[in-house]
Structures are given as structure tokens and as C-alpha cells.
Amino acid sequence: VPVIFHIIHGGENNGTFPNITAQQIDAQMVVLNQDYAGTGLNSGNYPSNAFVNWAVNQSIPLENLDNSGRVKIANSNSTFCLAEKDNNGNILAEPGIERLNYINKGWQNPNVFTTNQDLRDYVDDVIKPQSIWDVTKYLNIWISDKHNAINAKGFGTPPPLSGLTGIPNTTTNLTDGVWCYSKSVGSSDVYPSGIYFNDEVKGRLLTHEIGHWLGLRHIWGDGDCFTDHCNDTPSQSAPSAGSPTYPQNPGSCTSPSNFPDGEMFMNFMDYTANQSMYMFTPDQVTRMHTAMQNSPHRNLLGTHNLCSAILSVSEHEMLKNLKAYPNPTLDNITIEDNDE
């Protein structure tokens with residue numbers, strides 16, 4: 001999936017909030033690819049008996065379970081890359097990044113809006129239509145400042161015409177994509193020099209919002225024990241917060257029951273703290289694949305030769321340093337595919 005980050009700023013220098021660095025964007029990409037592969041931060045903390053009894057009680061299919069009988073941490077088999085070319089086929093100076101000065105564009109500073117709905121309306125009605133790239137080729141992500149009164153830090157549009165149950169069909173080719181607060185992009189672990197909301201930013205906000213973009217609902221179904229249309233996510237009475245311990249709230253839902261193992265607070269589609277969420281389930285991945293196969297805004301992604309090489313942050317820094325020398329010769333340089 002080629003990604004373009006539209007960085008909204010007011011003329012600040014590169015690296016001055018909200019005009020964040022390419023390295024902070026790269027850190028976010030590292031997180032996305034780990035999370036959607038099922039190998040992200042703290043995935044090794046999944047309890048050894050997580051949802052084993054519940055899975056038996058609910059007759060969850062064996063293919064949805066791991067060798068320990070737990071609901072499986074699923075690999076989505078989706079990879080995200082920074083777009084190498086712009087909407088007109090030109091090579092981007094910074095892969096995956098378009099920097100937009102709202103003053104030059106005649107836009108208002110996004111931080112003047114004081115309610116979630118007013119900000120969303122402005123992003124959807126003004127910023128997106130004037131800056132969106134072809135939604136059949138790119139995942140568009142806009143990042144900007146926001147007013148302190150606004151508690152939302154991101155929102156994503158569902159895939160249109162996907163055939164999925166439980167999502168509206170309101171997304172257009174002028175609104176499709178994700179908005180995110182700039183200080184919630186990246187990871188304080190992967191790129192500590194970034195500008196973050198707090199030290200707990202690990203890049204999971206965009207993992208969550210892209211989940212919506214791929215057709216996922218919140219796991220509590222946006223109501224008291226409502227459905228997210230995935231059989232392998234236990235029912236949940238309300239969104240989680242902070243860093244819960246397992247099991248959380250066994251018996252909080254009765255139809256269907258989440259007894260005796262409680263709620264899946266470690267799921268990316270909950271509201272848990274960044275460090276405490278680390279999984280999608282097989283049924284959630286099935287919904288993602290359905291969206292990618294059916295939605296006309298999704299089913300051609302990755303077919304236009306727009307992807308740059310997928311580098312780690314350390315590899316990005318290495319290349320940047322090499323290119324700082326006069327007349328560099330990079331033809332014979334091999335970069336090892338190492339973890340950070």
C-alpha cells in the first residue's frame with residue numbers, strides 16, 4: 001500500500017512542530033509494518049492462556065487459534081511503503097511526504113477549531129478536497145496541529161462499496177483517508193528525537209485508524225456489548241483505557257458472553273494505551289482482505305509501481321549520511337536488513 005503523508009504546517013522549518021521530520025514519518029512506517037505483520041511492540045506479552053477457555057466456549061474455529069489454543073495474533077499480509085512518485089508521476093524529494101503550508105493554500109490553521117466535529121468537517125470539506133491524491137493509488141494521511149480542547153487524535157474513513165457489514169458507505173474520492181495529530185505520529189522507541197504528545201506514543205494511533213480505513217469497527221461495536229462483526233473478538237462493554245491486566249472484566253457481556261476470559265484490551269481496535277495494544281485477529285484480517293478485494297478505492301492499491309524501498313529508520317539515516325558526501329557512489333553499497 002503506497003502511503004502519502006500530507007504534512008500541514010504554517011511555514012515552520014522542517015523539524016519544527018507541526019512540520020515534523022521525514023525520520024519521524026519513517027518511524028511510523030516501521031511500526032505499521034510490524035503491527036500489520038503481527039510482530040509489533042509487546043506482541044510477546046500476549047498471556048499464555050489468553051482467551052483459551054472463551055474460544056472453546058464460543059466454538060472459535062481452529063484456524064483462528066494458535067498452537068496454545070489462544071485467539072491468534074494474525075499477520076495481515078499487508079505491507080505499507082512510502083510513495084516514491086507524486087500524483088503526476090514525478091519522483092518525490094522526500095518519499096511519502098508532501099509538505100503543505102496552510103497559509104499559502106489560503107486555509108485556516110487546523111488548531112483554531114475547538115470541537116472534534118468542527119475539525120473533522122474542516123479537514124473533510126476544505127483540506128482533503130484541495131490536496132487529496134488519487135485514492136485508487138495512495139493511502140492519503142493528513143497530519144496537523146489541533147486545539148487542546150479536542151480530545152480526538154485521529155479519524156479514518158471506511159472503505160466504500162466493500163460489501164462489509166456494519167460500516168457506512170459515505171466515503172468519497174474527495175474524503176478518503178486518515179487524519180492524525182502530528183504529535184501522535186511515529187514512535188518514541190524507534191525515533192526518540194521526534195516531537196511527541198508524550199513518551200507513550202508508539203505509533204499505534206495510525207495502526208488503529210488505518211484499521212478503520214480497512215473496514216474494522218471498534219471491538220466494543222460502539223455500544224454496550226455491540227458487535228464488531230468479528231466472531232473471534234470477545235464482546236466488550238465499553239472502550240478500554242490505560243494499561244489493563246488480563247483478564248479484564250470477565251462476564252461484562254452476556255450475549256454473547258465473554259466469560260471467563262474477559263475483554264480483548266490488547267486489540268488495536270480498542271482505546272488502550274499504545275504500549276498495551278499489539279494484535280489483530282484472523283477475523284479482523286478477513287475483513288481487511290474483503291475491503292482490499294472489493295472496494296474500488298482499495299482493490300488497485302500497489303499495482304502502479306509507486307513504492308519506494310521499505311527502509312528502517314537506521315537505514316534511512318545511513319543513506320542520508322552517505323548522500324551528504326560530494327558525488328557519492330552508492331551502486332555497490334548493500335544495506336543489511338537488520339532490526340533497529
- With labels modelled as points extended 7 Å from the Cα through the Cβ direction, what inter-label distance (nm, one decimal) is found for D134 paired with E94? 2.4
- Amide hydrogen neighbours beyond the local backbone of L65, cut-off 5 Å, H modeled: K72
- Leaving ligands, DNA and RNA out of it, work out the accessible area of Y196 with a 1.4 Å probe and give it in Å² to the nearest 10. 40
- Give the angle, between 0 and 90 degrees and rounded to the nearest 10, that separates the Cα long axis of helix 282-294 from the longest principal axis of the Cα atoms of the chain. 50
- Angstrom value of the Kirkwood radius, inverse mean 1/r, which spans all Cα pairs in region 235-305: 14.0
- region 37-192: relative contact order from alpha carbon pairs under 8 Å, six or more residues apart, as a whole percent, is 17
- Task: Just need the relative contact order of region 58-145 here, percent rounded to a whole number, with Cα pairs under 8 Å and 6+ apart.
- Result: 17
- Of every hundred units of 1.4 Å-probe accessible area on the chain, the number belonging to carbon and sulfur atoms, as a percent, is 47
- Multiply the residue gap between D66 and N116 by 0.36 nm, knock off their C-alpha separation, and tell me the result in nm, one decimal place. 14.0 nm
- Message: Per residue, how large is the accessible surface of region 245-306? Use a 1.4 angstrom probe and give square angstrom.
- Response: 38
- At what distance in nm do the modelled label points of E200 and L300 sit from each other, each positioned 7 Å from its Cα along Cα→Cβ? 4.2
- Task: Run through the DSSP bridge list for region 1-128 and note the antiparallel percent, rounded to the nearest 5.
- Result: 30
- Query: Contour minus end-to-end for A37 and K105, with contour as 0.36 nm per residue of separation and end-to-end as the Cα-Cα distance?
  - Reply: 20.7 nm
- Query: Where does helix 313-323 land angle-wise versus the long Cα axis of the chain, in degrees 0 to 90, nearest 10?
  - Reply: 10
- Let me have the relative contact order for the chain, percent, based on Cα pairs under 8 Å that are six or more residues apart. 23
- Item | Normalised convex hull volume, region 143-245, alpha-carbon set, Å³ per residue | 143
- Note on the structure: Within the chain, the cysteines whose Cβ lies no closer than 4.7 Å to any other cysteine Cβ are C180, C230
- Item | Surface per residue (accessible, 1.4 Å probe) for region 1-53, Å² | 29
- Using alpha carbons only, how many degrees (0 to 90, rounded to 10) separate the axis of helix 204-213 from the longest principal axis of the chain? 80
- Bridge type composition, the chain - antiparallel percent by DSSP, nearest 5: 30
- Task: On a C-alpha basis, how far is the centre of region 190-215 from the centre of region 245-293 in Å? Whole number, if you could?
- Result: 18
- Task: Determine the shape class of region 1-61: with a ≥ b ≥ c the square roots of the Cα gyration tensor eigenvalues, call it rounded for a/c under 1.5, and otherwise prolate if a/b is greater than b/c, oblate otherwise.
- Result: prolate
- Any chance you could check the Cα centroid distance between region 150-169 and region 1-58 for me, in angstrom? 18
- At q = 0.08, 0.14 Å⁻¹, what log₁₀ I(q)/I(0) does a Debye calculation on the Cα points of the chain give, no solvent, two decimals? -0.38, -1.16
- Would you mind listing how long region 47-173 runs along its three principal axes, going by Cα atoms, in whole Å with the largest first? 59, 38, 30
- Query: Quick one: if you stick a label point 7 Å off each Cα along the C-beta vector at N57 and D222, how many nm between them?
  - Reply: 2.8
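The values are calculated or read from the model by the stated rules, or taken from the named source; none is laboratory data. Quick caveat: nothing in here was measured; it's all calculated off a predicted structure. When we count neighbours, we look across all protein chains shown, and the Cβ atoms used for this are built from the backbone with ideal geometry, even at glycine. Accessible surface is based on the protein model in full, side chains and every heavy atom, while ligands, DNA and RNA are left aside. Shrake-Rupley method; radii C 1.70, N 1.55, O 1.52, S 1.80 Å.
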